[in-house]
Amino acid sequence: MSSALNRFLKRLKIQAIALCIGICIIAIAFPSNAYAARTSMSGDYVKDTISVVHQLKEIISVDQDNEERSSEGKESIGLITDYISRYRNRPQVNGSVSFTTMQTALNAMAGHYKTFANRPLPQDLKERLNKELSKAEKIVTNEF
């Protein structure tokens with residue numbers, strides 16, 4: 001009889017410990033805040049496109065000997081990622097000519113910075129990017 005009582009108490013003790021651990025996990029997890037990633041995009045496609053074009057043109061125009069050049073790749077990649085992730089899955093935008101043009105320029109720029117992180121943009125790529133970005137800016141103002 002006492003062995004049955006000991007087994008029952010042992011099982012009860014294990015279940016009580018498991019219950020306490022479960023309550024502790026729940027109590028720790030719920031009060032913590034979940035933060036979404038901050039984005040620099042406002043949600044207005046035309047304004048965001050024009051803003052990204054101007055910011056990227058500024059980055060492109062940075063002199064190769066300038067100290068700011070070291071951070072331009074990371075800054076560009078962050079801006080490109082924000083823009084593409086914001087508008088790629090929006091059907092009213094992603095089929096437009098302006099978005100396709102922007103995506104072409106952004107892919108070229110991001111490709112260079114991901115492949116050649118320590119190298120400045122070559123002159124021919126700078127010219128192509130300026131041309132594509134200007135074209136996208138012109139199209140987006142007329143398209144929407």
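None of the figures in this text is laboratory data; all of them are computed from the coordinates on show. Small disclaimer: the values here were computed from a predicted structure and weren't measured. Note that each Cβ is placed from the backbone with ideal geometry, even for glycine, and that neighbours are counted across all protein chains shown.
What to note about this one:
- Charge tally for HIS112 (other residues, Cβ to Cβ under 12 Å; Lys, Arg +1; Asp, Glu -1): +2.
- For LYS138, the lysines whose Cα comes closer than 30 Å to its Cα, not counting residues fewer than 8 places off in the same chain, are LYS47, LYS57, LYS74, LYS114, LYS126.
- Extended-chain gain in nm, criterion 0.36 nm per residue less alpha-carbon gap, GLN92 and LEU19: 21.2 nm
- FRET efficiency, ASN107 to ILE26 (Cβ-Cβ, R0 41 Å, nearest 0.05): 0.40
- Residue-wise HN-Hα coupling along segment 111-122, computed from phi with Karplus coefficients 6.51, -1.76, 1.60 (Hz; x: Gly, Pro): x, 5, 5, 6, 7, 10, 4, 9, 9, x, 5, x
- Translational diffusion of the chain was estimated from the Stokes-Einstein equation, with Rh taken as the Kirkwood radius over Cα pairs; at 37 °C and 0.692 mPa s the coefficient is 174 µm²/s.
- Applying 1/(1 + (r/R0)^6) with R0 = 25 Å to the Cβ-Cβ distance of ASP124 and ASP44 gives a FRET efficiency near 0.15.
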